[in-house]
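Single-structure report; data block below.
The values are calculated or read from the model by the stated rules, or taken from the named source; none is laboratory data. All values reported here derive from a predicted model rather than from experimental measurement. Cβ sites come from the backbone with ideal geometry, for glycine too, and all protein chains shown count toward neighbours.
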């Protein structure tokens with residue numbers, strides 16, 4: 001086989017490994033990684049270095065990112081969303097207090 005043929009065969013074999021790893025991660029059946037929906041976990045799961053994924057399989061990385069972005073919300077994201085909502089509520093309370101303080105200050109200056 002030629003050098004080009006070897007490279008093409010390697011890419012095809014890696015392509016299949018990445019697709020299989022994507023499927024396992026999507027289905028929460030990780031075998032070689034922590035199962036997170038990250039590029040690092042995909043690299044671990046497929047056995048292909050992350051840099052090689054970026055250099056030779058960017059089409060699959062884009063597909064993976066788009067696919068896992070539609071998955072269920074993880075508990076960490078839910079916790080952060082709750083914290084953000086609480087912070088927004090607190091900001092509104094502080095803004096209301098500032099308005100009340102400003103109104104009292106104007107009233108006392110008269």
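Just a few scattered comments:
For (1) on the phi < 0 side of the Ramachandran plot; (2) outside the structural domain of residue 16 (by TED's automatic domain parsing); (3) modelled with pLDDT of 90 or more; (4) surrounded by 15 or more Cβ atoms within 10 Å (Cβ to Cβ), each residue gets a yes or a no:
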{"position": "32", "(1), (2), (3), (4)": "yes, no, yes, no"}
{"position": "48", "(1), (2), (3), (4)": "yes, no, yes, yes"}
{"position": "54", "(1), (2), (3), (4)": "yes, no, yes, no"}
{"position": "88", "(1), (2), (3), (4)": "yes, yes, yes, no"}
{"position": "93", "(1), (2), (3), (4)": "yes, yes, yes, no"}
{"position": "100", "(1), (2), (3), (4)": "yes, yes, no, no"}
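- In the set (1) assigned to a helix (DSSP H, G or I); (2) over 23 Å from residue 77 (Cα atoms); (3) touching a helix residue (DSSP H, G or I) at 6+ places or on another chain (Cβ under 6 Å), residue 48 fails one condition alone, (1).
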